[in-house]
Amino acid sequence: MIELNNVSKYYPTPKGRKYVFKNLSFALPEKCNIGVLGLNGSGKSTLLRMIAGTDYPNEGQINVTGSISWPLGLAGGTQGSMTGRENAEFVSRIYGDNLDQMAERLDYILNFSELGDYFNMPVKSYSSGMRSRLLFGISMAFDFDVYLIDEITAVGDIRFRKKSQQALHEKRNCSNYIMVSHNVNDLIQECNQLLILDKGKVRLFSDTREGLQFYKEVVQLNK
Amino acid sequence: MQFRNSWQIQRAVFLALFIRELKTRFGRYRLGFFWAMLEPIVHILVLTTLFSFLRDGGDFYGIPFPIFFGVGILAFFIFQKIVTGGINSITANLGLFAYRQVKPLDAIVVRAFLELLIILLVMVFLTWMGAWFFDFETFPHAPLLILLVIIILFIFSLGLAFITSVIGVRYPEAAQLINMLMRPLYFLSGIFFPLQAMPEDYHVYLLWNPLLHAVEQLRAGWFPDYPADGTNILYLFLWALPVFFLGLAFYRNNRTRVLMS
């Protein structure tokens, strides 16, 4: 369950507080895939980070039950001086694996990410595609209740993109995701609900067509 | 995913960060411990050489120079390594805070703990070496007092590390200042002089410095009949506790800003 309670988020600027969200309260429905739409700067990533627990609201609370992945596709998640293997080991450790589980997990990650020899090289020597392959591989090695995904499918070549979608599909029975994307077609295909952010307000649509219609109006108004 | 309680999660994070820090410290050429040993030894050698010209006898109160300086240096290093090590502890792990259970606080605590552990190891090793090299009882005569001093010194240093870690992220230029402040502190903390060897008039001023109390009390725990008059643990503790909580408050106030930059 993900529930926002009177959440406000702002950034201090010389001209005063710049609000991203103001007194936001809503609960995200369980057991469905949620697509998040919004114009640039509408706070999609901020919302994702706050749900992920790596950013905090200035006011209000976010209550979360169940396991939630780290935000995929955003910056962070790897430490450049560590090798891909060390990064994977680190994640495995913070989720409490014992050595057998870790070995199993590392096998899967190496296999999935297709990094080969690069797996034992520092992540700072990776291309951005390799880095996201590693991170996506790590996250797929675990079974989270909810995956937070920020434009992940836009990264990597077509073949890997297909593979990632396939992996997500296979988790359908145990996992759901919240996905930020500008690719409206993807969202319509994959998601049962649409969350649309506009000027610090949030609207949730259980009918994706209706949501899309609303989003188009938002885009028109901001032209 | 199986349910874990808070303590299990915290322990897993500490362990993961500890191994991560250990690898960067000792990973590449496995020379880390050698360097950690070398630094205090160089300090001891330089001070001993210098003081053998300045002072007759080669000892303070029957304690040979190298051992006398050694205890002071190691006490000061606990403070210095933790406080200056704190400066980079957040930036060096920035990528790992994307995981919700890993917080900057964990990284600061783990790094401070590792620094302490290294110095304790060096301490044991040098004590053993000193006993073998000098014809002198180097084993501490009051180990409990030493333990107490080290624990309080650790709390004091960790409190400051919370502050320096935030400064390291938000005001990198000011972080240089912290390194610069270490030098005068080195001279004022009684590393190469016992308080009683200083003119009485200056005691009032020197005794403001809590590190002097730590160094002198550590010696009092190490050597029997060491005249540590005027210094006491309580004074160190009365610094350590407020500094620790002030550090925590300062960190909490900045915990979001630290992650944004």
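Cβ-Cβ below 8 Å, separation at least six or inter-chain, first residue in the range B:161-190 and in contact (Cβ under 8 Å) with a residue 24 or more places away in the chain, second small (Gly, Ala, Ser) and outside any helix (DSSP H, G or I): which pairs?
Taking only residues 6 or more apart or on different chains, the pairs are B:Ala161/B:Ser89; B:Ser165/B:Ser89; B:Gly168/B:Ser89; B:Val169/B:Ser261; B:Arg170/B:Ser261.
Here is a list of conditions, (1) part of a strand (DSSP E or B); (2) under 20 Å from the mean Cα position of the chain (by Cα); (3) of a type in the set (Phe, Trp, Tyr), and A:Tyr19 meets all of them except one; can you say which number that is?
(2)
What tally of residues in the range A:57-68 results from selecting those that are touching a Ser or Thr at 6+ places or on another chain (Cβ under 8 Å) and either of a type in the set (Lys, Arg) or more than 9 Å from chain B (Cβ to nearest Cβ) (or both)?
Adding up the residues that qualify gives 3.
Which one of these does A:Pro71 not meet: (1) at pLDDT 90 or above; (2) facing another protein chain (nearest Cβ under 8 Å); (3) under 15 Å from A:Phe142 (Cα atoms)?
Status for A:Pro71: all satisfied but (1).
Residues are listed down the side, and each one gets a yes or a no for (1) more than 23 Å from A:Asn33 (Cα to Cα); (2) within 18 Å of the chain's Cα centre (by Cα); (3) acidic (Asp, Glu); (4) part of a helix (DSSP H, G or I):
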position: A:Glu86; (1), (2), (3), (4): yes, no, yes, yes
position: A:Glu104; (1), (2), (3), (4): yes, no, yes, yes
position: A:Ser139; (1), (2), (3), (4): no, yes, no, yes
position: A:His169; (1), (2), (3), (4): no, yes, no, yes
position: A:Leu194; (1), (2), (3), (4): no, yes, no, no
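One line per residue, one yes/no per condition, for (1) out of contact with any Asp or Glu (no Cβ under 8 Å at 6 or more places or on another chain); (2) of a type in the set (Ser, Thr, Tyr); (3) away from chain B (no Cβ under 11 Å):
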{"position": "A:Ser25", "(1), (2), (3)": "yes, yes, yes"}
{"position": "A:Pro29", "(1), (2), (3)": "yes, no, yes"}
{"position": "A:Gly41", "(1), (2), (3)": "yes, no, yes"}
{"position": "A:Thr46", "(1), (2), (3)": "no, yes, no"}
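Scan the range B:128-144 and tell me whether some residue there is within 15 Å of the chain's Cα centre (by Cα) and crowded, with 17+ Cβ neighbours inside 10 Å.
Looking for residues that are within 15 Å of the chain's Cα centre (by Cα) and crowded, with 17+ Cβ neighbours inside 10 Å, one finds none in the range B:128-144, hence no.
So in the range B:12-58, with the set limited to residues that are touching a residue at least 24 places away in the same chain (Cβ under 8 Å), more than 14 Å from every other protein chain (Cβ to nearest Cβ) and aromatic (Phe, Trp, Tyr), which one is surrounded by the fewest Cβ atoms within 10 Å (Cβ to Cβ)?
Here the answer is B:Phe33.
Please enumerate the residues belonging to the range A:173-192 that are part of a loop (DSSP other than H, G, I, E, B) and either under 22 Å from A:Asn40 (Cβ atoms) or modelled with pLDDT under 80 (or both). Give the derivation first.
Looking only at the range A:173-192, we keep the residues that are part of a loop (DSSP other than H, G, I, E, B), and these are A:173-175, A:181-183, A:191-192.
If the condition is that a residue be part of a loop (DSSP other than H, G, I, E, B) and either under 22 Å from A:Asn40 (Cβ atoms) or modelled with pLDDT under 80 (or both), then A:Ser181, A:His182, A:Asn183, A:Cys191 are the ones that fit.
For residues that are surrounded by fewer than 21 Cβ atoms within 10 Å (Cβ to Cβ) and in contact (Cβ under 8 Å) with a residue 40 or more places away in the chain, scanning just the range A:63-78, find the one that is nearest to the chain's Cα centre (by Cα).
It comes out as A:Leu74.
The values are calculated or read from the model by the stated rules, or taken from the named source; none is laboratory data. The structure presented is a predicted model; accordingly, all values stated were derived computationally and were not measured. So basically every Cβ, Gly included, is an ideal-geometry build from the backbone, and we count neighbours across all protein chains shown.
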